[in-house]
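First the structure, in the form of structure tokens, and then the observations on it.
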Amino acid sequence: MVGASPKASPLLPTFARQDLAFERGEGVWLINREGERYLDFGAGIAVNALGHAHPHLVKALTDQAQKVWHTSNLYQIPEGERLAQRLVDNTFADQVFFTNSGAEALECAIKMARKYQYASGHPERYRIITFEGAFHGRTLATIAAGGQAKYLEGFGPKVEGFDQVPFGDHKALEAAIGPETAAILVEPVQGEGGVRPVPPQCLRGLRELCDKNSLLLIFDEVQTGVGRSGAFFAHQRAGVTPDIMAVAKGIGGGFPLGACLSTFEAGKGMTAGTHGTTYGGNPLAMAVGNAVLDEVLKPGFLDHVEKISNLMRQGLAAIKDRHPSVIEDVRGEGLLLGVKAKVPNTDLVAALRDQKMLTVGAGDNVVRLLPPLIISEDEARDGMARLEKACAALEQAMATERKGAAE
Ligand SMILES: *Cc1c(COP(=O)(O)O)cnc(C)c1O
């Protein structure tokens with residue numbers, strides 16, 4: 001066999017996986033075969049909004065599994081109508097297209113924006129402006145939208161029609177708008193890019209710019225949405241609405257589910273036959289999506305997210321003061337928090353794993369803290385205590401290294 005190595009796995013090696021496998025979960029905890037409990041501050045990359053094995057989600061999924069799993073979008077799916085209506089009732093949107101992932105939600109958003117301009121008599125307007133540090137998924141179009149060289153390299157010509165401007169550079173943004181521009185696409189808080197929030201006045205500025213130039217505004221709330229930011233959707237805080245919004249991750253609570261929301265106007269070109277999906281919005285996914293909303297839309301749920309967020313932010317600020325050689329900065333909204341590390345972020349993630357706490361790295365040398373939104377105050381404090389220990393262990397290691405170098 002060519003290139004066989006002793007560690008060969010039948011899985012395509014596109015992920016540098018950690019040597020950890022979990023057998024079950026309970027709330028904010030993941031438990032491996034040896035029965036070791038890990039505090040999950042990664043939540044499957046901001047997905048398990050209600051933690052692991054949430055009884056309401058388990059029941060919704062297993063009840064549906066006894067009835068019907070899949071029928072295709074050739075037929076009515078009443079639970080999908082219901083979920084769409086609830087999303088519409090709680091957002092700017094008039095209509096919803098369900099997908100299986102974030103990238104597919106973005107694909108729908110991108111196609112919709114282009115088709116809107118086409119249907120408005122402007123077929124020449126197909127370009128979309130995006131921001132440096134953005135992440136929109138791993139399909140050919142979404143890597144072009146994200147614009148990151150490391151994801152584009154070697155995959156042939158970049159999909160045409162995306163113009164990237166530096167994050168926060170208003171002049172460059174205005175200069176990038178041309179006769180072919182169709183839309184602006186932005187994450188209200190860059191997630192993969194390093195937990196970088198767009199200030200509310202900038203989100204409002206984007207809306208004005210779009211209105212002035214007849215462009216559509218697309219928000220990518222795949223990571224920030226469904227309570228993660230402390231609001232149902234992060235942009236709702238800024239008092240601004242998009243024309244199109246991509247959603248995924250938290251909305252399925254761990255079941256693969258995404259959605260593209262829009263106004264009737266923005267979606268006017270998406271008539272029968274213009275877009276499709278075999279699985280998207282199937283009965284299993286719709287049952288789970290509705291169950292997630294049952295919890296997230298309960299009175300007090302988002303207040304809880306904000307309360308834990310405040311507690312954690314205070315804790316993190318104190319830890320930063322006590323460990324300035326490990327932590328440079330703390331940022332984020334709700335329970336999408338980022339710790340910018342002074343050591344390599346991979347070292348901090350590893351030190352936290354030694355404390356049996358799971359976190360996720362991000363760009364800009366950041367470690368993301370993304371616990372399930374149902375985390376209790378005690379569990380949040382437990383997480384802070386583990387972070388403190390991880391910082392102390394890293395300082396100890398640095399001191400030992402210095403001593404070794406001096407000798
Ligand atoms: C995760 C993510 C995506 C891609 O979602 P997939 O489900 O992995 O396709 C897109 N945009 C943002 C902001 C994300 O965080």
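The values are calculated or read from the model by the stated rules, or taken from the named source; none is laboratory data. Everything numeric here is computed off the predicted structure, so don't read it as measured data. Virtual Cβ from ideal backbone geometry, glycine too; neighbours counted across all protein chains shown. These accessible areas exclude ligands, DNA and RNA; they are computed on the full protein's heavy atoms, side chains included. Shrake-Rupley method; radii C 1.70, N 1.55, O 1.52, S 1.80 Å.
Applying the selection to region 310-344, what residues are touching a strand residue (DSSP E or B) at 6+ places or on another chain (Cβ under 7 Å), closer than 22 Å to Glu187 by Cα and open to solvent by less than 70 Å² (accessible area, probe 1.4 Å)?
Residues of region 310-344 touching a strand residue (DSSP E or B) at 6+ places or on another chain (Cβ under 7 Å): 312-313, 316-317, 319-320, 326-333, 336-342.
Pick out the ones that are also closer than 22 Å to Glu187 by Cα and you get 313, 329-333, 336-340.
Hits for region 310-344 are Asp329, Val330, Arg331, Gly332, Glu333, Leu336, Leu337, Gly338, Val339, Lys340.
The set of residues in region 210-256 that are open to solvent by less than 10 Å² (accessible area, probe 1.4 Å), in a helix (DSSP H, G or I) and within 16 Å of the ligand (Cβ to nearest atom) comprises Ala234, His235, Gly250, Ile251, Gly252.
Against the numbered list (1) part of a loop (DSSP other than H, G, I, E, B); (2) closer than 29 Å to Gly250 by Cβ; (3) not acidic (Asp, Glu), Leu185 comes up short only at (1). Being polar (S, T, N, Q), more than 16 Å from the ligand (Cβ to nearest atom) and open to solvent by less than 10 Å² (accessible area, probe 1.4 Å) is a condition met by at least one residue of region 178-187.
Within region 257-281, how many residues are of a type outside the set (Ser, Thr, Tyr) and within 16 Å of the ligand (Cβ to nearest atom)?
Of all residues in region 257-281, those of a type outside the set (Ser, Thr, Tyr) come to 257-261, 264-270, 272-273, 275-276, 280-281.
The next check asks that each one be within 16 Å of the ligand (Cβ to nearest atom); those that pass are 257-261, 280-281.
Looking only at that region, the number is 7.
If only residues of region 17-60 that are more than 20 Å from the chain's Cα centre (by Cα) and β-branched (Val, Ile, Thr) are counted, the one that is surrounded by the fewest Cβ atoms within 10 Å (Cβ to Cβ) is Val58.
Within region 48-76, residues that are closer than 10 Å to Pro283 by Cβ have Cβ atoms under 6 Å from residues that are of a type outside the set (D, E, K, R) and outside any loop (DSSP other than H, G, I, E, B) in these pairs: Gln64/Pro283; Gln64/Leu284; Gln64/Ala287; Val68/Pro283; Trp69/Leu284, counting only partners at least 6 apart in sequence or on another chain. Taking each residue of region 167-187 that is farther than 19 Å from Gln117 by Cβ and looking for partners that are open to solvent by 30 Å² or more (accessible area, probe 1.4 Å) and within 16 Å of the ligand (Cβ to nearest atom) with beta-carbon atoms closer than 9 Å, six or more apart or interchain, yields Phe167/Glu132; Phe167/Arg196; Gly168/Arg196; Asp169/Glu132; Glu187/Phe135; Glu187/Arg196. Can you say whether Ala405 is in a helix (DSSP H, G or I), open to solvent by 20 Å² or more (accessible area, probe 1.4 Å) and modelled with pLDDT under 95, as far as the supplied structure shows? Spelling it out, Ala405 is indeed in a helix (DSSP H, G or I), open to solvent by 20 Å² or more (accessible area, probe 1.4 Å) and modelled with pLDDT under 95. Asn32 meets the conditions (1) more than 16 Å from the ligand (Cβ to nearest atom); (2) within 26 Å of Gly225 (Cα to Cα) in every case but one. The failed one is (2). Within region 195-205, is there a residue that is assigned by TED's automatic domain parsing to the domain that holds Gly254, part of a helix (DSSP H, G or I) and within 30 Å of Gly254 (Cβ to Cβ)? Yes, that holds for at least one residue. Taken over region 71-95, the criterion of being open to solvent by 40 Å² or more (accessible area, probe 1.4 Å) and either of a type in the set (A, V, I, L, M) or within 16 Å of the ligand (Cβ to nearest atom) (or both) is satisfied by Leu74 alone.
Within region 296-307, take every residue that is under 16 Å from Val226 (Cα atoms) and touching a residue at least 60 places away in the same chain (Cβ under 8 Å) and give me the one that is surrounded by the most Cβ atoms within 10 Å (Cβ to Cβ).
We begin by selecting, within region 296-307, every residue under 16 Å from Val226 (Cα atoms); these are 296-306.
Cutting the leftovers down to touching a residue at least 60 places away in the same chain (Cβ under 8 Å) gives us 296-297, 301-302, 304-306.
Details: Val296: 23, Leu297: 15, Phe301: 17, Leu302: 18, His304: 18, Val305: 25, Glu306: 15.
Per the criteria, the residue is Val305.
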